[in-house]
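Chemist: Provided herewith is a single structure, encoded as structure tokens, for subsequent inquiry.
The values are calculated or read from the model by the stated rules, or taken from the named source; none is laboratory data. Note that the structure is predicted; figures quoted are calculated from it, not measured. Glycine also receives a Cβ, built like all others from the backbone with ideal geometry; neighbour counts cover every protein chain displayed. These area figures cover heavy atoms from the full protein model, side chains too; ligands, DNA and RNA do not enter into them. Shrake-Rupley method; radii C 1.70, N 1.55, O 1.52, S 1.80 Å.
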Amino acid sequence: MRVVMTGGGGFIGSHLLARMVGAGMDVTLIGSTIGKSRYTASLVSAGTVRFLRCDDSFTEDDILRPALADAEALVLLGYNRPSALSPARRLSEELVRNLAPLVRLLRAAEGSARQVIFASSVSVYGSHANAPFRETDAPRPKTPYAIAKLASEESIEIVCAASGWAPCVLRYSTVYGPGETVPRAIPNFIRAALDGQPPVIAGDGLDEHDYVHVSDVVDATTLALRHRATGIFNVGSGIGTSTIDVARMVIRLTGAHVEPVFCRRDTATSPVRVVCATDLARKVLNFAASRPLADGITEEIGWFRSGFNPHPKAMLVTSG
């Protein structure tokens, strides 16, 4: 299988790339940089994976079209994080830096039939009292990120319908594991505990998220490729774990002698619950997350202890 991929040097992308290369797939990465992953850089340097350098806006049709011409699948994991703080400006950046380039890339790929796999997010559902979310539930995106993801999903559906392609949208839940550098709950808590500092929780710690190990996400994505699956699929564990329980688990597994501390506690706000149902992925893709949270966190702690992770100067407070 010949695959063209964006985001192959990112957290999830580098793990997925390893699996695809191991399976003998012919992979071409496209984007302005290889990414931060040392593993991805080594594959490109060795010539095992091709890298086509182009602008992140994907305006260079003369470069893109030949590379995309005989691709059997497009795997779209690339994401450009906005820098703006205000919601309006952040939404504008999301649309300019992520949605518009996606549409241009799909336009450049027009031609023979192919599969398109898009990495979306369960954030498109918003937060409902009736979690776990199912793919048939109406999306209620509340953040610029979620709005852009949903708009990207719908754009892919339109283009694929017109081109006769097979669209597959994978709505990932909260992904964690070795290589995670985004300032979210698990890596933040691990950094703090390894430094002998208390994990800092924003809120009361009762919010629940569906944590899924990166290896499980890779399993789901490769299964979607192999089955040439079409449709929308939730990719998660189907289990909600509160932020306070995650913090306590990290403390126990690191052996730290600290207790979590709380900030910005607002008792008037109801806890958020973001958990997804995975029945459809089990039925169509034969996928079920298999890595227990404690095992996955232990593995991530080992990665942090190895010294391969970037260590930021300041801790960021998070609740999810």
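Chemist: Of the residues Phe189, Phe118, which is over 27 Å from Phe287 (Cα atoms), touching a helix residue (DSSP H, G or I) at 6+ places or on another chain (Cβ under 6 Å) and surrounded by 22 or more Cβ atoms within 10 Å (Cβ to Cβ)?
Modeler: Phe189
Chemist: Next question, about the same structure. Please report, ordered by residue number, the helices (runs of 4 or more DSSP H) entirely within region 193-296 with at least 3 residues that are open to solvent by less than 20 Å² (accessible area, probe 1.4 Å) and over 30 Å from Gly8 (Cβ atoms).
Modeler: Per the criteria, 243-254.
Chemist: A follow-up question, please. Got a number for residues in region 185-230 being more than 18 Å from the chain's Cα centre (by Cα), more than 26 Å from Val250 (Cα to Cα) and touching a residue at least 60 places away in the same chain (Cβ under 8 Å)?
Modeler: 3
Chemist: Just a yes or no: is a residue in region 4-23 without any contact (Cβ under 8 Å) to a residue 12 or more places away in the chain, within 24 Å of Val214 (Cα to Cα) and open to solvent by 60 Å² or more (accessible area, probe 1.4 Å)?
Modeler: Yes, region 4-23 has at least one match.
Chemist: From the list Gly177, Gly238, which residue is within 15 Å of the chain's Cα centre (by Cα) and on the phi > 0 side of the Ramachandran plot?
Modeler: Gly177
Chemist: Turning to a different aspect of this structure: Sort through Ser37, Ser57, Ser45 and tell me the only one that's open to solvent by less than 80 Å² (accessible area, probe 1.4 Å), more than 26 Å from Ala151 (Cβ to Cβ) and of a type outside the set (Val, Ile, Thr).
Modeler: Among Ser37, Ser57, Ser45, only Ser37 is open to solvent by less than 80 Å² (accessible area, probe 1.4 Å), more than 26 Å from Ala151 (Cβ to Cβ) and of a type outside the set (Val, Ile, Thr).
Chemist: Report, by residue number, each residue of region 69-91 that is open to solvent by less than 60 Å² (accessible area, probe 1.4 Å) and at pLDDT 90 or above.
Modeler: Ala71, Ala73, Leu74, Val75, Leu76, Leu77, Gly78, Asn80, Pro82, Ser86, Leu91
Chemist: Restricting the search to region 128-142, which residues are open to solvent by less than 60 Å² (accessible area, probe 1.4 Å) and either on the phi > 0 side of the Ramachandran plot or not hydrophobic (A, V, I, L, M, F, W, C) (or both)?
Modeler: His128, Pro132, Glu135, Asp137, Pro139, Pro141
Chemist: Still on this structure, please answer the following. As an exercise: evaluate Glu110 against (1) open to solvent by 60 Å² or more (accessible area, probe 1.4 Å); (2) at pLDDT below 90; (3) of a type outside the set (Gly, Ala, Ser); (4) under 26 Å from Asp216 (Cβ atoms) and give the number of the one condition it does not meet.
Modeler: Unmet for Glu110, out of (1) open to solvent by 60 Å² or more (accessible area, probe 1.4 Å); (2) at pLDDT below 90; (3) of a type outside the set (Gly, Ala, Ser); (4) under 26 Å from Asp216 (Cβ atoms): (4).
Chemist: Assuming Glu157 fulfils every condition listed in (1) touching a residue at least 24 places away in the same chain (Cβ under 8 Å); (2) in contact with a strand residue (DSSP E or B) (Cβ under 7 Å, 6 or more places away or on another chain); (3) farther than 23 Å from Ala288 by Cα; (4) open to solvent by 10 Å² or more (accessible area, probe 1.4 Å) apart from one, which condition is it?
Modeler: That leaves (1) as the condition not met.
Chemist: When residues of region 126-144 are filtered for being more than 24 Å from Ser86 (Cβ to Cβ) and either in contact with a Lys or Arg (Cβ under 7 Å, 6 or more places away or on another chain) or in a loop (DSSP other than H, G, I, E, B) (or both), how many remain?
Modeler: Looking only at that region, the number is 10.
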